[in-house]
Amino acid sequence: PTIQGGVDFASKSGFYVGNWNSNVSGNQYPNGSSIEMDFYGGWKGTFEDFGLDLGTYYYYYPGAKFVGEARNANGIPTGAMYDQSIYNWELYIGASWKFLSAKYYYSLSDYFGLTEAVTSNYSNKSGTAFLGTNGNTKGTQYLTAAATFEVAPKWNVFGSVGYTWVPHYGSQLNYFDYKVGVSYDMDGWVVSLAGVGTDADSEWWYASNGAGTVRELGKFNAVLSVTKTF
(Lines give C-alpha, C1' and ligand atoms only; values in the text may rest on other atoms or scores of the structure.)
Protein backbone atom coordinates (compact mmCIF):
# COMPACT_ATOMS: atom_id res chain seq x y z
CA PRO A 1 0.00 0.00 0.00
CA THR A 2 1.09 3.58 -0.62
CA ILE A 3 0.09 7.01 0.60
CA GLN A 4 0.42 9.70 -2.05
CA GLY A 5 -0.19 13.42 -2.25
CA GLY A 6 0.61 16.43 -4.33
CA VAL A 7 0.07 20.13 -4.86
CA ASP A 8 -0.28 22.12 -8.09
CA PHE A 9 -0.41 25.78 -9.04
CA ALA A 10 -1.77 26.87 -12.43
CA SER A 11 -2.01 30.42 -13.74
CA LYS A 12 -4.67 31.75 -16.09
CA SER A 13 -1.98 32.04 -18.77
CA GLY A 14 -1.62 28.25 -18.83
CA PHE A 15 1.71 27.92 -16.99
CA TYR A 16 1.81 25.49 -14.07
CA VAL A 17 4.16 23.95 -11.50
CA GLY A 18 3.59 21.06 -9.13
CA ASN A 19 4.92 18.43 -6.78
CA TRP A 20 3.78 14.82 -6.15
CA ASN A 21 5.06 12.45 -3.45
CA SER A 22 4.74 8.76 -2.59
CA ASN A 23 6.37 6.07 -0.51
CA VAL A 24 8.25 3.51 -2.67
CA SER A 25 10.07 0.19 -2.20
CA GLY A 26 13.52 0.38 -0.65
CA ASN A 27 14.41 -2.79 -2.57
CA GLN A 28 13.90 -1.06 -5.90
CA TYR A 29 15.49 2.26 -4.85
CA PRO A 30 18.22 1.20 -2.39
CA ASN A 31 20.10 3.18 0.25
CA GLY A 32 17.51 5.94 0.30
CA SER A 33 14.56 7.07 2.39
CA SER A 34 11.98 5.03 0.37
CA ILE A 35 10.31 8.22 -0.84
CA GLU A 36 9.68 9.43 -4.39
CA MET A 37 9.35 13.18 -4.91
CA ASP A 38 8.31 14.42 -8.36
CA PHE A 39 8.67 18.02 -9.51
CA TYR A 40 7.19 19.30 -12.75
CA GLY A 41 6.24 22.42 -14.64
CA GLY A 42 5.00 23.46 -18.03
CA TRP A 43 2.28 25.08 -20.08
CA LYS A 44 -1.19 23.89 -21.05
CA GLY A 45 -3.50 25.39 -23.61
CA THR A 46 -6.92 24.51 -24.99
CA PHE A 47 -8.34 25.25 -28.43
CA GLU A 48 -12.02 24.27 -28.45
CA ASP A 49 -11.94 20.44 -28.08
CA PHE A 50 -8.16 20.21 -28.44
CA GLY A 51 -5.52 20.51 -25.73
CA LEU A 52 -1.73 20.89 -25.72
CA ASP A 53 0.66 20.23 -22.83
CA LEU A 54 4.42 21.03 -22.84
CA GLY A 55 6.68 20.59 -19.84
CA THR A 56 9.42 18.90 -17.86
CA TYR A 57 9.36 16.28 -15.09
CA TYR A 58 11.99 15.39 -12.46
CA TYR A 59 11.83 12.21 -10.35
CA TYR A 60 13.84 12.43 -7.11
CA TYR A 61 14.56 9.70 -4.54
CA PRO A 62 16.26 11.30 -1.50
CA GLY A 63 19.51 9.51 -0.67
CA ALA A 64 18.87 6.59 -3.05
CA LYS A 65 22.00 5.30 -4.82
CA PHE A 66 23.34 2.32 -6.71
CA VAL A 67 26.66 1.44 -5.04
CA GLY A 68 28.98 -1.35 -6.17
CA GLU A 69 31.92 -2.55 -8.23
CA ALA A 70 31.90 -2.29 -12.01
CA ARG A 71 32.39 -5.41 -14.12
CA ASN A 72 33.56 -5.99 -17.67
CA ALA A 73 31.50 -7.60 -20.44
CA ASN A 74 32.43 -11.07 -19.11
CA GLY A 75 31.16 -10.27 -15.63
CA ILE A 76 34.63 -9.98 -14.08
CA PRO A 77 35.11 -7.13 -11.54
CA THR A 78 37.32 -4.35 -12.89
CA GLY A 79 38.24 -2.84 -9.53
CA ALA A 80 36.43 0.40 -10.37
CA MET A 81 33.66 1.43 -7.96
CA TYR A 82 30.48 3.31 -8.77
CA ASP A 83 28.25 5.52 -6.60
CA GLN A 84 25.32 6.51 -8.80
CA SER A 85 22.40 8.64 -7.59
CA ILE A 86 18.94 7.46 -8.68
CA TYR A 87 16.82 10.09 -10.43
CA ASN A 88 15.28 10.85 -13.81
CA TRP A 89 14.74 14.12 -15.68
CA GLU A 90 12.63 14.24 -18.82
CA LEU A 91 10.77 16.52 -21.22
CA TYR A 92 7.26 15.81 -22.45
CA ILE A 93 4.67 16.90 -24.97
CA GLY A 94 1.03 15.88 -24.81
CA ALA A 95 -2.11 16.39 -26.84
CA SER A 96 -5.77 15.70 -26.17
CA TRP A 97 -9.09 15.69 -28.01
CA LYS A 98 -12.32 15.27 -26.07
CA PHE A 99 -11.97 11.87 -24.31
CA LEU A 100 -8.65 10.90 -26.00
CA SER A 101 -5.10 11.88 -25.02
CA ALA A 102 -1.50 11.00 -25.88
CA LYS A 103 1.85 11.95 -24.38
CA TYR A 104 5.53 11.53 -25.34
CA TYR A 105 8.44 11.66 -22.87
CA TYR A 106 12.20 11.94 -23.53
CA SER A 107 14.78 11.41 -20.79
CA LEU A 108 17.62 13.93 -20.51
CA SER A 109 19.41 11.90 -17.82
CA ASP A 110 20.38 8.26 -17.40
CA TYR A 111 17.08 6.44 -16.93
CA PHE A 112 16.55 6.22 -13.16
CA GLY A 113 20.29 5.90 -12.56
CA LEU A 114 21.08 3.15 -15.09
CA THR A 115 24.62 3.80 -16.33
CA GLU A 116 27.27 1.53 -17.87
CA ALA A 117 28.88 0.91 -14.50
CA VAL A 118 25.58 0.07 -12.81
CA THR A 119 24.25 -2.25 -15.52
CA SER A 120 27.59 -4.08 -15.77
CA ASN A 121 26.87 -5.44 -12.28
CA TYR A 122 23.36 -6.64 -13.18
CA SER A 123 22.55 -10.25 -13.96
CA ASN A 124 19.25 -11.58 -15.20
CA LYS A 125 16.93 -13.36 -12.78
CA SER A 126 18.54 -16.71 -13.58
CA GLY A 127 21.96 -15.29 -12.75
CA THR A 128 23.48 -16.64 -15.97
CA ALA A 129 23.78 -13.53 -18.16
CA PHE A 130 24.99 -9.96 -17.86
CA LEU A 131 23.75 -6.86 -19.60
CA GLY A 132 27.35 -5.76 -20.05
CA THR A 133 28.72 -2.27 -20.65
CA ASN A 134 26.40 -1.26 -23.45
CA GLY A 135 26.31 2.46 -22.80
CA ASN A 136 24.23 5.00 -20.97
CA THR A 137 20.44 5.18 -20.95
CA LYS A 138 20.04 8.86 -21.80
CA GLY A 139 17.40 9.34 -24.45
CA THR A 140 15.01 6.73 -23.07
CA GLN A 141 11.56 7.40 -24.55
CA TYR A 142 8.00 6.66 -23.50
CA LEU A 143 4.83 7.06 -25.56
CA THR A 144 1.36 6.56 -24.10
CA ALA A 145 -2.23 6.98 -25.23
CA ALA A 146 -5.35 6.98 -23.05
CA ALA A 147 -9.12 7.26 -23.24
CA THR A 148 -11.87 7.93 -20.66
CA PHE A 149 -15.59 7.39 -21.22
CA GLU A 150 -18.49 8.41 -19.00
CA VAL A 151 -20.86 5.43 -19.11
CA ALA A 152 -23.32 6.72 -16.51
CA PRO A 153 -23.58 9.71 -14.15
CA LYS A 154 -20.44 9.66 -11.94
CA TRP A 155 -19.21 6.41 -13.56
CA ASN A 156 -16.23 6.32 -15.94
CA VAL A 157 -14.32 3.55 -17.67
CA PHE A 158 -10.75 4.28 -18.72
CA GLY A 159 -7.81 2.63 -20.42
CA SER A 160 -4.30 3.32 -21.64
CA VAL A 161 -1.43 1.68 -23.47
CA GLY A 162 2.21 2.71 -23.57
CA TYR A 163 5.64 1.67 -24.77
CA THR A 164 9.10 2.28 -23.25
CA TRP A 165 12.33 2.34 -25.34
CA VAL A 166 15.63 2.07 -23.42
CA PRO A 167 18.56 2.86 -25.79
CA HIS A 168 21.84 0.93 -26.11
CA TYR A 169 20.49 -2.36 -24.73
CA GLY A 170 18.82 -3.90 -27.74
CA SER A 171 15.21 -4.75 -26.99
CA GLN A 172 15.67 -6.62 -23.70
CA LEU A 173 14.61 -3.64 -21.54
CA ASN A 174 11.82 -2.36 -23.82
CA TYR A 175 8.22 -3.16 -22.95
CA PHE A 176 4.54 -2.41 -23.51
CA ASP A 177 2.26 -1.48 -20.61
CA TYR A 178 -1.52 -1.32 -20.37
CA LYS A 179 -4.18 -0.25 -17.89
CA VAL A 180 -7.96 -0.64 -17.87
CA GLY A 181 -10.38 0.24 -15.11
CA VAL A 182 -13.52 1.86 -13.78
CA SER A 183 -14.04 4.82 -11.43
CA TYR A 184 -16.91 6.29 -9.41
CA ASP A 185 -17.16 9.85 -8.08
CA MET A 186 -18.62 9.99 -4.56
CA ASP A 187 -19.10 13.73 -4.04
CA GLY A 188 -15.47 14.54 -4.85
CA TRP A 189 -13.95 11.30 -3.55
CA VAL A 190 -13.01 9.21 -6.61
CA VAL A 191 -12.76 5.45 -6.10
CA SER A 192 -11.18 3.48 -8.93
CA LEU A 193 -10.22 -0.12 -9.61
CA ALA A 194 -7.83 -0.88 -12.44
CA GLY A 195 -5.93 -3.78 -13.90
CA VAL A 196 -2.33 -2.96 -14.81
CA GLY A 197 0.16 -5.12 -16.70
CA THR A 198 3.12 -5.23 -19.07
CA ASP A 199 5.00 -7.60 -21.36
CA ALA A 200 8.30 -6.68 -19.63
CA ASP A 201 10.84 -9.51 -19.70
CA SER A 202 10.74 -11.00 -16.19
CA GLU A 203 14.38 -12.07 -16.55
CA TRP A 204 15.41 -8.41 -16.35
CA TRP A 205 12.52 -6.53 -14.73
CA TYR A 206 12.56 -7.93 -11.21
CA ALA A 207 13.42 -6.84 -7.67
CA SER A 208 15.14 -8.86 -4.96
CA ASN A 209 15.27 -8.16 -1.24
CA GLY A 210 18.67 -9.86 -0.99
CA ALA A 211 17.24 -12.68 1.11
CA GLY A 212 16.01 -14.88 -1.70
CA THR A 213 12.64 -13.21 -2.31
CA VAL A 214 12.23 -12.13 -5.94
CA ARG A 215 9.28 -10.15 -7.31
CA GLU A 216 8.52 -9.73 -11.01
CA LEU A 217 7.96 -6.01 -11.62
CA GLY A 218 6.02 -6.27 -14.87
CA LYS A 219 3.38 -8.88 -14.09
CA PHE A 220 -0.36 -8.15 -14.11
CA ASN A 221 -1.84 -6.69 -10.94
CA ALA A 222 -4.91 -4.85 -9.66
CA VAL A 223 -4.78 -1.34 -8.19
CA LEU A 224 -7.45 0.11 -5.93
CA SER A 225 -7.22 3.85 -5.30
CA VAL A 226 -9.14 6.54 -3.46
CA THR A 227 -8.42 10.10 -4.61
CA LYS A 228 -9.56 13.49 -3.33
CA THR A 229 -8.83 16.87 -4.90
CA PHE A 230 -9.06 19.91 -2.62
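The values are calculated or read from the model by the stated rules, or taken from the named source; none is laboratory data. Just so it is clear, the structure is predicted and the values come from calculations on it, not from any experiment. Cβ sites come from the backbone with ideal geometry, for glycine too, and all protein chains shown count toward neighbours. For the accessible areas, the whole protein counts, side chains as well, though only heavy atoms, and no ligand, DNA or RNA atoms are used. Shrake-Rupley method; radii C 1.70, N 1.55, O 1.52, S 1.80 Å.
Taken about its Cα centre, the range 57-128 carries a charge dipole of about 320 debye when Lys and Arg each add +1 at the Cβ and Asp and Glu each add -1 at the Cβ. All distinct Cα pairs of the range 155-230 go into the 1/r average, and the inverse of that average, the Kirkwood radius, is 14.6 Å.
So the label point goes 7 Å from the Cα of residue 50 along Cα→C-beta, right? Which residues of the range 77-106 then have their backbone N under 13 Å from it? Output list for this probe position: 95-98.
Placing unit charges on the Cβ atoms only, positive for Lys and Arg and negative for Asp and Glu, gives the range 97-230 a dipole magnitude near 200 debye about its Cα centre. Taken along its principal axes, the alpha carbon cloud of the range 102-182 reaches lengths of 54, 30, 18 Å, longest axis first. Each Lys and Arg contributes +1 and each Asp and Glu -1, all at the Cβ; summed about the Cα centre of the chain, the dipole is approximately 120 debye.
What residue among 45, 113, 139 has the largest mean-square fluctuation in a Gaussian network model of the chain, using Cα springs under 10 Å? Comparing 45, 113, 139 in a Gaussian network model of the chain, the most mobile one is 45. If you take the Cα centroid of the range 44-64 and the Cα centroid of the range 87-124, the two points sit 13 Å apart.
Please give the length that would be gained between residue 230 and residue 215 if that part of the chain were fully extended, namely 0.36 nm times their separation in residues minus their C-alpha to C-alpha distance (nm, one decimal).
Working: separation 15, 0.36 × 15 = 5.40 nm, distance 3.55 nm.
This chain segment gains 1.8 nm when fully extended.
Note on the range 113-230: with neighbouring protein chains present and a 1.4 Å probe, carbon and sulfur make up 57 percent of its accessible heavy-atom surface.
Only Cα sites of the range 1-131 enter the Debye sum here, all with the same form factor; the resulting log10 I(q)/I(0) across q = 0.09, 0.12 1/Å is -0.39, -0.63, listed in q order. Would you work out which of 26, 57, 112 lies farthest towards the positive end of the dipole of the chain, given +1 charges on the beta-carbon of Lys and Arg and -1 on that of Asp and Glu, about the Cα centre? The listed residue farthest towards the positive side: 26.
Rolling a 1.4 Å probe over the heavy atoms of the protein chains gives the range 145-230 an accessible area of 63 Å² per residue. Could you state, as a whole-number percent, how many of the C-alpha pairs of the chain are farther apart than 28 Å? Tail of the P(r) past 28 Å holds 37 percent of the pairs.
Full extension from residue 21 to residue 128: what is 0.36 nm times the residue separation minus their Cα-Cα distance, to one decimal in nm? Kindly include the intermediate steps, with their values, before the conclusion.
Details: separation 107, 0.36 × 107 = 38.52 nm, distance 3.66 nm.
Using 0.36 nm per residue and subtracting the Cα-Cα distance, I get 34.9 nm.
Please report, as a whole percent, how much of the solvent-accessible surface of the range 34-86 comes from carbon and sulfur atoms (probe radius 1.4 Å).
Carbon with sulfur: 58 percent of the solvent-accessible area.
Kindly flag which residue pairs out of 138/228; 12/138; 44/219; 12/219; 98/179; 12/154 have an alpha-carbon separation exceeding 30 Å in this structure. 138/228; 12/138; 44/219; 12/219, as the Cα separations exceed 30 Å there.
Each residue of the range 192-200 was assigned a 3J(HN,Hα) from its phi angle through the Karplus curve 6.51 cos²θ - 1.76 cosθ + 1.60 (θ = phi - 60°); the sequence is 9, 10, 9, x, 10, x, 8, 10, 4 Hz, with glycine and proline shown as x. Considering only 30, 153, 167, the Gaussian network model of the chain with Cα springs below 10 Å gives its largest mean-square fluctuation to 153.
Per residue, the accessible area of the range 1-84 comes to 63 Å² when a 1.4 Å probe rolls over the protein heavy atoms.
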